[in-house]
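Accompanying notes for the structure given below.
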Amino acid sequence: MPVIQLEDIRKCYHVSDTQDVHALRGVSLVFEAGEFAAIMGPSGSGKSTLLNVLGGLDRPTSGTYHLDGEEVVALEPDRLAAVRNEKIGFVFQNFNLLSRTTALENIELPMMYNRQGFTLKEIQRRAREGLEMVGLADRASHYPSQLSGGQQQRVAIARALVNRPAVLLADEPSGNLDSRTTLEIMEIFQRLNAQGILIVMVTHEPEIGQYAHRVITMRDGRVCKDVPVAEPFVASREKERLPADTREDASDE
Amino acid sequence: MNKYFLMLVAVRALRRNAMRSLLTTLGVVIGVGAVITTVSIGHGARVQVEEQVNRLGQNVVLVFPGSRTLGGVNIGGGTVNTLTVEDALAIQDEIPEVVAASPEVRSQRLINYGNRNWFSRIYGQSADYLQIRQWPLESGRMFDEEDVVRARKVAVVGQTIVEELFEGMDPIGEVVRVRGMPLEIIGVLGRKGMSLMGSVQDDIVLIPYSTAFRYVSGRTHAMVINVQVFDQGAMSVAQQKITDLLRERHRLGPEQDNDFTVQTQEEVAQTATETSRIMTFLLGAIAGVSLLVGGIGIMNIMLVSVTERTREIGVRVALGARNRDILRQFLVEAILLSCIGGVIGILGGMVCSEILARQAGWPIQLPYTAMLYAFGFSVGVGVFFGYYPARKAARMDPIEALRHE
């Protein structure tokens, strides 16, 4: 069974009486578990709106959206919040960590909203595990301002995954990062993906798209191209080709 | 999100802006502190008044010039010159229920002794005054009828005078000067403490009223006549007889109002209680207003905080927060702010009222019910003024919020 099944999703913004903006004009897509897909397209093509719909932040005007077997479009707001919490992990372009909140506390956040009723001990243990997974165990009590961009994005990834979601949604995850750090993030994505999690990533950089296994190109609210990547880049290998002096982490400790 | 995490999240959020949080609570701190302080002062004053009623003297009736009304317009004693020494003597001589009557005249004068001086109140009284006030002498003697008749320059002084001018040494036989006029000290009064109005009663110089009229005050009329009635049961009769006598002496027609007021000690105390009650009420109202202002301060900061944390709200929603989680979070933050303010305010109020009570020598009365009310009120302030910003936060569109810079 597919993890995500979109059927004829349309989103229409009513701007004024005479003008409607059609952000999505009938998108049908299926994502299976273990896929790593990149959504590309120029700005205004509807890729951000699509990601918002996928993330349960925006409701489509029409169409159906099945996530992990559950129809999402018609869900009441509280249940939708639960779906966001349990089944979806978000990674944002600007990391969106809570400022003046430690790395560990940032990762604790999604579990506090979880309906399973974690205890604080469990939450802290799992947050620590999350930090270890992204290699930042020693940064637990650091504030975002004390972390480099790459480290912040790794904390954000740990936060996105801490409730063990079915899908990881990434919105321009490398938009604010230099090339080496971008590769590190892609490396993490590929590693996670190898463990079976579905990753859907929006990017406008064609090169980044080559780390995914499938590239969906959007134009004017429609999917205009949906092709598998014949030979995806392997981030860990690409990293070795970089000159050594571009290491970001070493400079800002 | 369960209550425990809600608390934790709110505490963390407030800690992130610790200084701002503390300043935000200041309004509530001052409001609650003021409420506690005023109420406890009111309590203390009332207790004090009740104690003073008995200390005022035994079965005392006071006659004031002019008409004084209870709870209404109050023409203070001494503003109208209607009471004479002869009135006092007539009261004493002609009314059988009256044991003694002392015409009183007060002046504020600088008193010199050697190279020291002290600004004090000089009271002209009759020889019976100490008996009327039930005020014992510590040493020496009170001036007698003879001293009064001859307007001798003798004085009986209070403890404050002994402390300030004589540094505790025995003043009897010493001579002080008031505007160059010598006064021989013949007696020292026992310690009396604070009066109804909060003045130190020990800061006093008693001299014969005749001496006061002739050499000190420049007045011709009594400011008050202190009258002692022989029995508690005869108070109202005596009051009536004094009224009749003075109306007759002042030749007042039946249609004319009294140009004097006769009050018993209970009535005087009642006036004082009433005054302190009104003062407490007024101060309490001001305190309540400052609590309100404190609440508005909290609302203001919460609104700023909601705008400032727009992105945070977006992130929380994306991570699975329900609208009601967001609403509760900001509400709990506001309530927490006002509660912290309430607790600090109560502690501050306790310290303030303790200090004030000690200064005034009052019994300390901590108003526990007022504390409870003030705390409850500050929680209410938090809920009331926190709700609007919290609702604003909860209604935010997460997509817009995430895009917010």
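Within the option set B:298, B:313, being farther than 22 Å from residue B:26 by Cα, assigned to a helix (DSSP H, G or I) and among the hydrophobic types (A, V, I, L, M, F, W, C) holds for one residue only, B:313. Selection of the stretch A:172-188 for residues being under 13 Å from the mean Cα position of the chain (by Cα) and surrounded by 23 or more Cβ atoms within 10 Å (Cβ to Cβ) yields A:173, A:174, A:185, A:186.
Residues checked against (1) within 30 Å of residue B:368 (Cα to Cα); (2) within 14 Å of chain A (Cβ to nearest Cβ); (3) surrounded by 23 or more Cβ atoms within 10 Å (Cβ to Cβ):
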| residue | (1), (2), (3) |
| --- | --- |
| B:318 | no, yes, yes |
| B:327 | no, yes, no |
| B:336 | yes, no, no |
| B:340 | yes, no, no |
| B:343 | yes, no, no |
| B:351 | yes, no, no |
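Evaluate the following for residue B:274: is it open to solvent by 60 Å² or more (accessible area, probe 1.4 Å), under 30 Å from residue B:62 (Cβ atoms) and not basic (Lys, Arg)? When the stated conditions are applied, residue B:274 passes them. Selection of the stretch A:141-184 for residues being outside any loop (DSSP other than H, G, I, E, B), free of Cβ contacts under 8 Å to residues at least 40 places away in the same chain and farther than 19 Å from residue A:129 by Cβ yields A:146, A:182. Of all residues in the stretch A:78-88, exactly one satisfies the criterion of being more than 9 Å from every other protein chain (Cβ to nearest Cβ) and either touching a helix residue (DSSP H, G or I) at 6+ places or on another chain (Cβ under 9 Å) or free of Cβ contacts under 8 Å to residues at least 24 places away in the same chain (or both), namely A:79. Working only within the stretch A:45-64, note down all residues that are among the hydroxyl-bearing types (Ser, Thr, Tyr) and surrounded by 22 or more Cβ atoms within 10 Å (Cβ to Cβ). Matches in the stretch A:45-64: A:45, A:49.
Within the stretch A:207-220, residues that are crowded, with 23+ Cβ neighbours inside 10 Å sit with their Cβ atoms under 6 Å from residues that are of a type in the set (D, E, K, R), at 6+ positions apart or across chains, in these pairs: A:216/A:226; A:218/A:47. A count restricted to the stretch B:249-267 and to residues that are open to solvent by less than 60 Å² (accessible area, probe 1.4 Å), under 15 Å from residue B:65 (Cβ atoms) and in contact (Cβ under 8 Å) with a residue 24 or more places away in the chain stands at 7. Restricted to the stretch A:1-113, the set of strands (runs of 3 or more DSSP E) holding at least 2 residues that are over 30 Å from residue B:312 (Cβ atoms) comprises A:4-16, A:19-31, A:62-67.
With B:370, B:360 as the choices, which residue is over 30 Å from residue A:53 (Cβ atoms), small (Gly, Ala, Ser) and touching a strand residue (DSSP E or B) at 6+ places or on another chain (Cβ under 7 Å)? Among B:370, B:360, only B:360 is over 30 Å from residue A:53 (Cβ atoms), small (Gly, Ala, Ser) and touching a strand residue (DSSP E or B) at 6+ places or on another chain (Cβ under 7 Å). Among the residues of the stretch B:12-22, those identified as more than 15 Å from residue B:325 (Cα to Cα) and more than 7 Å from every other protein chain (Cβ to nearest Cβ) are B:14, B:15, B:17, B:18, B:19, B:20, B:21, B:22.
Scanning the stretch B:168-185 turns up one or more residues that are open to solvent by 10 Å² or more (accessible area, probe 1.4 Å) and either within 32 Å of the chain's Cα centre (by Cα) or farther than 30 Å from residue B:114 by Cβ (or both).
Identify, from the list A:109, A:75, A:131, A:97, the residue that is buried (at least 20 other Cβ atoms within 10 Å of the Cβ) and either more than 24 Å from residue A:57 (Cβ to Cβ) or more than 9 Å from chain B (Cβ to nearest Cβ) (or both). Residue meeting the stated conditions: A:131. Kindly indicate whether residue A:68 is in contact with a helix residue (DSSP H, G or I) (Cβ under 7 Å, 6 or more places away or on another chain), away from every other protein chain (no Cβ under 14 Å), open to solvent by 10 Å² or more (accessible area, probe 1.4 Å) and not hydroxyl-bearing (Ser, Thr, Tyr). Yes, satisfied. Does residue B:223 fit the bill of being in contact with a strand residue (DSSP E or B) (Cβ under 8 Å, 6 or more places away or on another chain) and open to solvent by 10 Å² or more (accessible area, probe 1.4 Å)? In short, yes. For residue A:52, the conditions (1) at the interface with another protein chain (Cβ under 9 Å from one of its Cβ atoms); (2) over 18 Å from the mean Cα position of the chain (by Cα); (3) closer than 19 Å to residue A:20 by Cβ are fulfilled apart from (2). Considering the stretch B:77-147, the qualifying strands (runs of 3 or more DSSP E), each wholly inside and each with 3 or more residues that are in contact with a helix residue (DSSP H, G or I) (Cβ under 7 Å, 6 or more places away or on another chain), run over B:98-113, B:116-125. Within the stretch B:295-310, is even one residue more than 19 Å from residue B:18 (Cα to Cα) and of a type in the set (Lys, Arg)? Scanning the stretch B:295-310, I find no residue that is more than 19 Å from residue B:18 (Cα to Cα) and of a type in the set (Lys, Arg), so the answer is no. Of the residues B:58, B:52, the single one that is more than 14 Å from chain A (Cβ to nearest Cβ), within 30 Å of residue B:211 (Cα to Cα), modelled with pLDDT under 80 and open to solvent by less than 30 Å² (accessible area, probe 1.4 Å) is B:52.
Within the stretch B:197-214, track down each residue that is part of a helix (DSSP H, G or I) and crowded, with 18+ Cβ neighbours inside 10 Å. Once the filter is applied, which keeps residues that are part of a helix (DSSP H, G or I) and crowded, with 18+ Cβ neighbours inside 10 Å, the stretch B:197-214 yields B:209, B:210, B:211, B:212, B:213. Against the conditions (1) closer than 18 Å to residue B:61 by Cα; (2) modelled with pLDDT of 85 or more; (3) not in a loop (DSSP other than H, G, I, E, B), residue B:267 satisfies every one except (2). Among residues of the stretch A:118-128 being open to solvent by less than 50 Å² (accessible area, probe 1.4 Å) and within 12 Å of chain B (Cβ to nearest Cβ), the one that is farthest from the chain's Cα centre (by Cα) is A:120.
The values are calculated or read from the model by the stated rules, or taken from the named source; none is laboratory data. This one's a predicted model, so the numbers in the text were calculated from it and none came from an experiment. Here Cβ is always computed from backbone atoms with ideal geometry, including for glycine, and neighbour counts include all displayed protein chains. Just so you know, the surface numbers come from the protein's heavy atoms only, side chains and all, with ligands and any DNA or RNA stripped out. Shrake-Rupley method; radii C 1.70, N 1.55, O 1.52, S 1.80 Å.
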